Amino acid sequence: MTSRPKAEHGTRPPRVQQSTRRWLLFVHQLPSNPSNLRVRTWRRLQQLGAIPIKQAVYVLPDIPSAREDFEWLKTEVKASGGDASVFAADNIDSWSDDALVEEFRRSRQEAYASLARDLEKVLRRPSGARRQRGTRAPAIRRLSEVFRERLTAIEGVDFFGSAGRDRVTTLLKQLEERKSLTRLPAASSKPVSPVDANTYHGRLWVTRPRPGVDRMASAWLIRRFIDLQARFDFAADRDAVPEDAIPFDMFGVDFSHQGEGCTFETLCTVFGIQEPAVGRVAAVVHDLDLKDGRFGTPEGATVGTLIEGLQLAHSDDEALLAQGMALFDALYRAFDQSARLAGPRPLAPPRTRPTASTGKSVRRRRAP
């Protein structure tokens with residue numbers, strides 16, 4: 001079954017307000033053939049975060065993304081020879097609104113707990129265990145990415161703020177710190193003197209023409225963390241840089257490659273930028289710029305292809321740099337877990353029999 005990707009993939013779904021809460025019901029009937037249709041449909045409903053309330057009847061909060069997902073699944077079921085309908089309901093027989101909300105929270109809570117157990121198993125492994133050089137670290141990095149993808153998938157269907165997410169993010173951070181995934185890559189092999197950030201306010205920053213990955217990312221870092229009013233220009237080499245400007249990513253200047261690090265890493269070290277999300281960006285920039293595969297970042301190939309496309313699309317260096325900075329701002333936001341909904345989640349109570357809604361009857365109508 002080919003499923004349509006969710007437009008909000010990787011982001012938290014909108015909170016469902018109690019005063020406007022309505023539900024969507026997915027009712028389906030599947031043929032005996034093809035034999036794997038039942039399994040595919042069940043898996044897709046699990047991916048969408050739908051809760052079964054009776055045989056062949058699943059429910060989601062009535063929000064735009066859920067409506068689109070159910071309608072798309074209905075089309076797929078019908079195309080496979082089955083039948084399906086989507087209904088909107090104000091309330092559901094034998095289920096109160098509170099009972100349904102708790103069922104959603106309990107299901108996501110169990111998913112967070114399962115992920116936490118898997119993370120704890122990895123963290124219990126001795127960090128100093130012997131390993132063949134160059135084999136274990138990339139494998140652990142891939143495993144960390146798998147864990148993060150699982151977390152993102154759960155967050156995407158956590159409609160009511162379930163308990164357990166904070167524990168998972170803490171464990172995941174511990175794993176990434178242990179394997180140096182969110183620490184900033186070493187930027188310099190020689191001591192770097194601290195700087196007074198106030199002297200870098202409203203300055204002109206100059207780099208080489210036709211910016212690539214390191215210059216794009218460094219310009220984004222400068223304007224995002226160092227000089228909010230930074231202006232940028234281009235020069236062929238350091239001798240062509242105006243006297244009052246600050247050169248970067250040029251041969252023989254302070255803000256350039258140092259030791260085994262790229263310019264982005266040098267800037268992070270000099271200005272003390274320690275955000276975990278910036279560390280992940282630094283790993284991507286390092287792998288693309290130095291091509292040593294040191295961090296094995298899975299995003300590297302995609303980011304590199306996008307940068308090549310930008311260079312082909314823009315002949316003007318200013319436009320190219322602006323688009324590259326926007327690209328790295330988007331990458332940083334995707335990595336920034338602090339942007340997720342924060343705050344403790346209440347624990348869902350143990351599962352009990354559904355609470356009947358006193359005096360309520362099901363009012364169902366086909367979703368428009």
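Every residue, every condition in (1) under 29 Å from ASN198 (Cα atoms); (2) within 18 Å of the chain's Cα centre (by Cα); (3) free of Cβ contacts under 8 Å to residues at least 60 places away in the same chain; (4) part of a helix (DSSP H, G or I), yes or no:
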| position | (1), (2), (3), (4) |
| --- | --- |
| VAL253 | yes, no, yes, no |
| CYS268 | yes, no, no, yes |
| ALA277 | yes, yes, no, yes |
| ARG280 | yes, yes, no, yes |
| ALA283 | yes, yes, no, yes |
| ASP287 | no, no, yes, yes |
| ARG294 | no, no, no, no |
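Would you call GLU110 at pLDDT 85 or above, open to solvent by 10 Å² or more (accessible area, probe 1.4 Å) and either assigned to a helix (DSSP H, G or I) or farther than 30 Å from LEU24 by Cα (or both)?
Against the criterion (at pLDDT 85 or above, open to solvent by 10 Å² or more (accessible area, probe 1.4 Å) and either assigned to a helix (DSSP H, G or I) or farther than 30 Å from LEU24 by Cα (or both)), GLU110 qualifies.
For residues that are outside any helix (DSSP H, G or I) and either free of Cβ contacts under 8 Å to residues at least 60 places away in the same chain or closer than 17 Å to VAL27 by Cα (or both), tally how many sit in region 95-105.
Qualifying residue count for the region: 1.
Kindly indicate whether any position in region 355-365 is open to solvent by 70 Å² or more (accessible area, probe 1.4 Å), at pLDDT 95 or above and not basic (Lys, Arg).
Among the residues of region 355-365, not one is open to solvent by 70 Å² or more (accessible area, probe 1.4 Å), at pLDDT 95 or above and not basic (Lys, Arg), which makes the answer no.
Which condition number in (1) at pLDDT below 90; (2) open to solvent by less than 40 Å² (accessible area, probe 1.4 Å); (3) part of a helix (DSSP H, G or I) is the one that LEU115 fails?
That leaves (1) as the condition not met.
Assess whether VAL241 counts as being surrounded by 17 or more Cβ atoms within 10 Å (Cβ to Cβ) and closer than 17 Å to GLU318 by Cβ.
Criteria met by VAL241.
Among the candidates ARG43, ARG38, which residue alone is of a type outside the set (Gly, Ala, Ser), open to solvent by 30 Å² or more (accessible area, probe 1.4 Å) and within 26 Å of the chain's Cα centre (by Cα)?
Among ARG43, ARG38, only ARG43 is of a type outside the set (Gly, Ala, Ser), open to solvent by 30 Å² or more (accessible area, probe 1.4 Å) and within 26 Å of the chain's Cα centre (by Cα).
Looking only at region 62-84, how many residues end up being open to solvent by less than 20 Å² (accessible area, probe 1.4 Å) and either in a loop (DSSP other than H, G, I, E, B) or under 17 Å from VAL27 (Cβ atoms) (or both)?
Looking only at that region, the number is 8.
Of all the residues that make up region 244-270, how many are over 24 Å from LEU175 (Cβ atoms) and open to solvent by less than 40 Å² (accessible area, probe 1.4 Å)?
15
Is it the case that region 224-233 has a residue that's buried (at least 22 other Cβ atoms within 10 Å of the Cβ), part of a loop (DSSP other than H, G, I, E, B), out of contact with any strand residue (DSSP E or B) (no Cβ under 8 Å at 6 or more places or on another chain) and hydrophobic (A, V, I, L, M, F, W, C)?
No, there is no match, as no residue in region 224-233 is buried (at least 22 other Cβ atoms within 10 Å of the Cβ), part of a loop (DSSP other than H, G, I, E, B), out of contact with any strand residue (DSSP E or B) (no Cβ under 8 Å at 6 or more places or on another chain) and hydrophobic (A, V, I, L, M, F, W, C).
The values are calculated or read from the model by the stated rules, or taken from the named source; none is laboratory data. This one's a predicted model, so the numbers in the text were calculated from it and none came from an experiment. Note: ideal-geometry Cβ built from the backbone for every residue, glycine included; neighbour counts use all protein chains shown. Note: areas computed on protein heavy atoms with side chains; ligands, DNA, RNA excluded. Shrake-Rupley method; radii C 1.70, N 1.55, O 1.52, S 1.80 Å.
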